[in-house]
1. Would you grab the residues whose amide H sits under 5 Å from the one on LEU117? Only those 5+ places off in sequence or on another chain, please, with H modelled 1.01 Å from N.
2. Where does segment 177-306 land on Rg/Rh, using Cα atoms and the Kirkwood Rh?
3. Summarise the accessible area of the chain (1.4 Å probe, protein heavy atoms) by the percent that is carbon and sulfur.
4. With every protein chain present, what is the per residue accessible area of segment 200-306 (1.4 Å probe, Å²)?
5. Against the empirical 2.2 N^0.38 Å scaling, what ratio does the C-alpha Rg of segment 45-172 come to?
6. So what's the gap between the Cα centers of segment 87-150 and segment 233-252, to the nearest angstrom?
7. Where the eigenvalues come from the Cα gyration tensor of segment 239-306, what are the semi-axes √(5λ) of the equivalent ellipsoid, largest first, in whole Å?
8. Can you list the HN-Hα couplings for segment 211-226, worked out from phi with the Karplus curve (6.51, -1.76, 1.60; θ = phi - 60°), rounded to whole Hz and with x for Gly and Pro?
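The values are calculated or read from the model by the stated rules, or taken from the named source; none is laboratory data. This one's a predicted model, so the numbers in the text were calculated from it and none came from an experiment. Positions of Cβ are generated from backbone atoms using ideal geometry, with glycine treated the same way; all protein chains shown enter the neighbour counts. Side chains included, ligands, DNA and RNA excluded: accessible areas come from the protein's heavy atoms. Shrake-Rupley method; radii C 1.70, N 1.55, O 1.52, S 1.80 Å.
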Amino acid sequence: MPHLRVFIALLALSTTSSAFAKNSQQCGDEGVWLQILGSGGPEIDDGRGSASYLIWVDDHARLLVDPGPGTALRFDESGADIADLDAIVFTQLTVDHAGDIAALVRGSVDGARDRPLPVFGPDGNDVYPGMRVFLERQIGPTGAYPDLASYLTFRTGSYKISATNVPAAGSRRWARFGTENVRLAAIPVHHGNVPTIAWRATMGDVSVTFAGDFNNDGNPMGVFAKGTDALIVSHGIDEASRGELREQFALPSQIGRIAADADVRMLILGHRMSRTRGVETQTEATIRTSYAGTLMFANEMDCWGL
């Protein structure tokens with residue numbers, strides 16, 4: 001019996017510790033860390049979640065970028081707490097970049113968040129809705145999940161989601177949000193007919209630029225990402241790609257030149273597609289003709305200190 005009581009006590013302690021262990025299991029507990037929640041694209045045969053990223057500051061998850069399919073699971077596995085987030089940002093509002101937002105909201109119902117949650121994403125065009133309309137269609141009173149509508153009206157007794165449209169056309173830099181933990185800036189980038197923006201997050205003297213999906217028309221990234229500690233770019237096509245894909249993604253040779261011109265400390269290739277997996281050696285060789293800094297190919301749950 002004494003052994004049984006000890007076992008039960010240890011089991012209870014283990015269960016309690018797991019229930020309240022809301023900090024990073026992979027990243028360090030001090031400084032700024034970048035974690036890959038999803039390293040793939042829209043494909044469902046690669047064992048990867050869609051491209052999604054998390055910024056940790058002193059062991060608290062402060063910024064979530066692109067909650068695509070798989071993000072809710074990886075967010076839980078990371079040990080992050082939605083109560084800690086200063087903001088969620090979207091580079092675009094296609095399913096592979098935004099598909100898990102409703103799941104994250106539903107998963108936070110029993111959480112401890114007691115302050116508004118700012119959400120930022122591109123404004124729309126004649127095909128795609130802007131951030132505010134997108135959220136209304138997802139969790140508004142007449143949306144797909146009306147049981148979550150109270151999160152847009154502050155009637156939950158918990159927190160309200162505050163959605164902001166960020167310009168996705170033109171060339172002006174947007175920089176209208178900041179907290180003591182993170183400051184945000186954004187610029188429009190070209191990705192076919194999809195309204196798309198790139199984000200730069202600054203945490204103290206550290207910055208991370210999320211270029212996302214873009215084809216570098218107008219070469220906006222060289223200036224926007226200048227001197228950033230980490231530049232994350234979607235590796236959507238290989239160097240031989242032509243046609244419509246070139247309207248959507250930058251070639252490896254372009255990515256290398258961008259990273260070199262911007263003098264970035266670390267280049268991370270995310271959003272890895274079936275057409276770009278298996279050719280990493282060729283991709284690296286192409287990038288290395290211009291860029292000599294740290295180059296990483298993103299994988300699920302990777303975490304790097306910055």
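1. LYS160, ILE161, SER162
2. Details: Rg = 14.1 Å, Rh = 14.8 Å.
Ratio of gyration radius to Kirkwood radius: 0.95.
3. Numbers: 6980 of 13560 Å².
The C+S portion of the solvent-accessible surface of the chain is 51 percent.
4. Details: 4050 Å² over 107 residues.
Using a 1.4 Å probe on heavy atoms only, each residue of segment 200-306 averages 38 Å².
5. Values: Rg = 14.2 Å, N = 128, 2.2 N^0.38 = 13.9 Å.
Expressed relative to 2.2 N^0.38 Å, the Cα Rg reads 1.02.
6. First find each Cα centre; the distance between them is then 28 Å.
7. Working: eigenvalues 75, 50, 24 Å².
After diagonalising the Cα gyration tensor, the semi-axes are 19, 16, 11 Å.
8. Running phi through 6.51 cos²θ - 1.76 cosθ + 1.60 with θ = phi - 60° gives 6, x, 8, 6, 10, 6, 4, x, 6, x, 6, x, 7, 4, 8, 3 Hz.
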